[in-house]
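Novice: Have a look at the structure that comes next, please.
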Amino acid sequence: MFEHDYLPFLTDFFARPEFRNYHEQFADKISERASIKRHGDLPNWQRYLDQLPEIHPSVIKLDGDVVSIGVANELDPKTSSDIQRALHGLSPWRKGPYQVFDTFIDTEWRSDWKWNRVKPHISSLSSKRVLDVGCGTGYHCWRMLGEGAEYVLGIDPSMRFVMQYNAIQHFARDNRFDFLPIGIEDMPPSLNIFDTVFSMGVLYHRRDPLNHVVELFNLLNAEGEVVLETLIVDDAEDGILTPKSRYAQMRNVWSITTINKTLELLETAGFKDVKCVDQNVTSLAEQRRTDWMTFHSLKEFLDPHDITKTIEGYPAPKRGLFIGTK
């Protein structure tokens, strides 16, 4: 079905009253983003999804470091092997970890470490409506549900992430979590319905960082909270480091801000009570190669003689966590 149209997978999403009036706008953007012309690997990814058996797991655990679907030894060896082969076919897996029956998906990022840094500082998600911008595989969205969120919408234009989400959702069957293959610029600016909006690892990929923060502001309800996690530097001219070409081998890093500059962006967008609640230098144990992501990772992106610098000579990745209210 992905070879032709992703929209039939979103029946429940479009049935939700808060999105019904935006059906045409969402449908146009989703069809454009999910087109096979943009993603030639879609048919191959779909074949791996089609190999997943129809099984209802005995247990689904969303409140631990590992998002767990089923338990080990719940299935016969052949079925377990089939699941592992299909999931591995969707590699590389970058955000996790996940346990799917006997298969442990050891992702490039230990995303649970980030969540454990975020969780103590945010307002309760219990019964909240949440948006996760740039959600990757959806790992943090599952953790948000584990914290009691009423509904989570994840958006990310990467169709590989969409397919990995669908692999987990194939077994979880949780209608509290939808995933749209779009960017924040595709969201209707009048859709100010979310209690909490997360943007983690997105700001430095935006050509206009202030515009991104304004987009986050517009999607929150009147008393909503923004959770912004981004690369930061200790010092830079006018508070912004602009890499000349690549940063840690990434081509689309447009600007890395200081703490004060990031706070200024949030305040300019209209947020109140803004603060930086955490700083963390990314370690080689948090982002690394695994059997599920065999390409270059953080180790190869740093100066081999001085890991406090990237291979291009910039300060090594350091992340700041910022909170603000509307």
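Every read-out reported here was derived from the displayed coordinates using simple, explicitly stated rules and does not represent laboratory data. Not measured: the values here are computed from a predicted model. Neighbour counts run over all protein chains shown; Cβ positions are idealised from the backbone, glycine included.
Novice: Sort out which residues of the range 274-307 are of a type in the set (Lys, Arg) and either in a loop (DSSP other than H, G, I, E, B) or within 19 Å of the chain's Cα centre (by Cα) (or both), and write them in order of number.
Specialist: ARG288, ARG289
Novice: Could you check the range 287-314 and list, in sequence order, the residues that are in contact with a Lys or Arg (Cβ under 9 Å, 6 or more places away or on another chain) and loosely packed, with under 11 Cβ neighbours inside 10 Å?
Specialist: PHE295, HIS296
Novice: Scanning the range 154-190 for residues that are among the acidic types (Asp, Glu) and in a helix (DSSP H, G or I), which turns out surrounded by the fewest Cβ atoms within 10 Å (Cβ to Cβ)?
Specialist: Here the residue is GLU185.
Novice: For the structure I just gave you, tell me whether ASP106 is surrounded by fewer than 20 Cβ atoms within 10 Å (Cβ to Cβ) and over 21 Å from the mean Cα position of the chain (by Cα).
Specialist: No; evaluated as a whole, the condition is false for this residue.
Every residue, every condition in (1) among the acidic types (Asp, Glu); (2) touching a residue at least 40 places away in the same chain (Cβ under 8 Å); (3) out of contact with any helix residue (DSSP H, G or I) (no Cβ under 7 Å at 6 or more places or on another chain); (4) surrounded by fewer than 23 Cβ atoms within 10 Å (Cβ to Cβ), yes or no:
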| residue | (1), (2), (3), (4) |
| --- | --- |
| VAL197 | no, yes, no, no |
| ARG206 | no, yes, no, yes |
| PRO209 | no, yes, no, yes |
| LEU228 | no, yes, no, no |
| ASP234 | yes, yes, yes, yes |
| GLU237 | yes, no, yes, yes |
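Novice: Determine, yes or no, whether ASP76 is farther than 22 Å from TRP45 by Cα and either surrounded by fewer than 20 Cβ atoms within 10 Å (Cβ to Cβ) or in contact (Cβ under 8 Å) with a residue 60 or more places away in the chain (or both).
Specialist: Spelling it out, ASP76 is indeed farther than 22 Å from TRP45 by Cα and either surrounded by fewer than 20 Cβ atoms within 10 Å (Cβ to Cβ) or in contact (Cβ under 8 Å) with a residue 60 or more places away in the chain (or both).
Novice: If you take the residues in the range 308-326 that are among the charged types (D, E, K, R) and not in a strand (DSSP E or B), which one is nearest to the chain's Cα centre (by Cα)?
Specialist: LYS326
Novice: Taking the residues in the range 34-60 that are of a type in the set (A, V, I, L, M) and touching a helix residue (DSSP H, G or I) at 6+ places or on another chain (Cβ under 8 Å) as candidates, determine which candidate is nearest to GLU74 (Cα to Cα).
Specialist: Applying the filter and picking the extreme gives ILE55.
Novice: Next up: Could you tell me whether the range 126-149 includes any residue that is part of a helix (DSSP H, G or I) and without any contact (Cβ under 8 Å) to a residue 12 or more places away in the chain?
Specialist: Checked against the condition, which is being part of a helix (DSSP H, G or I) and without any contact (Cβ under 8 Å) to a residue 12 or more places away in the chain, the range 126-149 yields no hits at all.
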